[in-house]
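Colleague: The structure follows.
The values are calculated or read from the model by the stated rules, or taken from the named source; none is laboratory data. Values in this document were obtained by computation on a predicted structure and should not be read as measured data. Here the Cβ positions follow ideal geometry from the backbone for every residue, glycine too, while neighbour counts run over all protein chains shown.
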Amino acid sequence: MMLSGTAQYALRAVLHVAAQGDGMPVRVDAIARALDVPRNYLSKTLHLLARDGVLRSGRGPRGGFQLAVPAGELTLARIAAPFDDVRTRQCLLGHPTCDARHACPLHHRWEALATELRAFFVGTTVADLLRSGYRPAPAPAARRRPSPTRRGGP
């Protein structure tokens, strides 16, 4: 079980909305800028989350996205669910059948880790991450970039 890029963006976007803390709707432009995600791509992702009841969306000047579920009840598995099923495990080697009876060479080691990962996603809420000090990473444009070095001597 690995998260797709879309599921990762969804997690980051929901955490960003939750971190605003004031319960006011957050516009897709602001989320896209903060996360450095293409706006149209993020908009589709957020609307899928709204359709699945993770977020609420509103239109107009006071529109935007809000949590539709209290942060203490909103698990990471529920956020990822429209994009990836974190409750199921696929064979890391790509075998169509990989279970205890037809195990690939990695099955038993991966099974233990996958069980822990599943428990993490199912048992971790947005509120848990906010209490742990979650802070959104700054957008790349806001990060300092090293100055280009000149080639050659003075």
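Colleague: Since residue 87 meets every condition but one in (1) under 16 Å from residue 14 (Cβ atoms); (2) basic (Lys, Arg); (3) surrounded by fewer than 16 Cβ atoms within 10 Å (Cβ to Cβ), which condition does it not meet?
Modeller: Residue 87 satisfies all of (1) under 16 Å from residue 14 (Cβ atoms); (2) basic (Lys, Arg); (3) surrounded by fewer than 16 Cβ atoms within 10 Å (Cβ to Cβ) except (1).
Colleague: Name the residues in segment 58-114 that are more than 15 Å from residue 46 (Cα to Cα), among the basic types (Lys, Arg) and more than 16 Å from the chain's Cα centre (by Cα), would you?
Modeller: If the condition is that a residue be more than 15 Å from residue 46 (Cα to Cα), among the basic types (Lys, Arg) and more than 16 Å from the chain's Cα centre (by Cα), then 62, 89, 101, 109 are the ones that fit.
Colleague: When segment 100-122 is examined, which residues are found to be hydrophobic (A, V, I, L, M, F, W, C), surrounded by 11 or more Cβ atoms within 10 Å (Cβ to Cβ) and in a loop (DSSP other than H, G, I, E, B)?
Modeller: 103, 104, 106
Colleague: Which members of segment 8-26 meet the condition of being more than 8 Å from residue 66 (Cα to Cα) and either part of a helix (DSSP H, G or I) or at pLDDT 95 or above (or both)? Lay out the reasoning, then the answer.
Modeller: We begin by selecting, within segment 8-26, every residue more than 8 Å from residue 66 (Cα to Cα); these are 8-16, 19-22.
Selection gives 8, 9, 10, 11, 12, 13, 14, 15, 16, 19.
Colleague: Every residue in segment 43-59 that is out of contact with any strand residue (DSSP E or B) (no Cβ under 6 Å at 6 or more places or on another chain), assigned to a helix (DSSP H, G or I) and within 20 Å of residue 75 (Cα to Cα), please.
Modeller: Of all residues in segment 43-59, those out of contact with any strand residue (DSSP E or B) (no Cβ under 6 Å at 6 or more places or on another chain) come to 43-45, 47-48, 51-54, 58-59.
Cutting the leftovers down to assigned to a helix (DSSP H, G or I) gives us 43-45, 47-48, 51.
Result: 45, 47, 48, 51.
Colleague: Within segment 56-102, which residues are closer than 30 Å to residue 20 by Cβ and charged (D, E, K, R)?
Modeller: Matches in segment 56-102: 56, 59, 62, 73, 78, 84, 85, 87.
Colleague: Taking residue 132 as meeting all but one of (1) exposed (fewer than 12 other Cβ atoms within 10 Å of the Cβ); (2) polar (S, T, N, Q); (3) closer than 25 Å to residue 43 by Cα, write down the number of the exception.
Modeller: (3)
Colleague: Continuing with the same structure: Which one is surrounded by the most Cβ atoms within 10 Å (Cβ to Cβ), of the residues in segment 1-20 that are in contact (Cβ under 8 Å) with a residue 24 or more places away in the chain and more than 30 Å from residue 110 (Cα to Cα)?
Modeller: Taking the candidates together, the pick is 17.
Colleague: What number of residues in segment 28-42 are in contact (Cβ under 8 Å) with a residue 40 or more places away in the chain and part of a helix (DSSP H, G or I)?
Modeller: 3
Colleague: Within the bounds of segment 75-83, is there any residue that is without any contact (Cβ under 8 Å) to a residue 24 or more places away in the chain, among the β-branched types (Val, Ile, Thr) and buried (at least 17 other Cβ atoms within 10 Å of the Cβ)?
Modeller: Checked against the condition, which is being without any contact (Cβ under 8 Å) to a residue 24 or more places away in the chain, among the β-branched types (Val, Ile, Thr) and buried (at least 17 other Cβ atoms within 10 Å of the Cβ), segment 75-83 yields no hits at all.
Colleague: Continuing with the same structure: Can you confirm whether segment 123-141 contains a residue that is in a helix (DSSP H, G or I), in contact with a strand residue (DSSP E or B) (Cβ under 8 Å, 6 or more places away or on another chain) and at pLDDT 80 or above?
Modeller: Checked segment 123-141: at least one residue is in a helix (DSSP H, G or I), in contact with a strand residue (DSSP E or B) (Cβ under 8 Å, 6 or more places away or on another chain) and at pLDDT 80 or above.
Colleague: For segment 21-71, give me the residue count where each residue is of a type in the set (Gly, Ala, Ser), surrounded by 14 or more Cβ atoms within 10 Å (Cβ to Cβ) and over 17 Å from residue 135 (Cα atoms).
Modeller: 5
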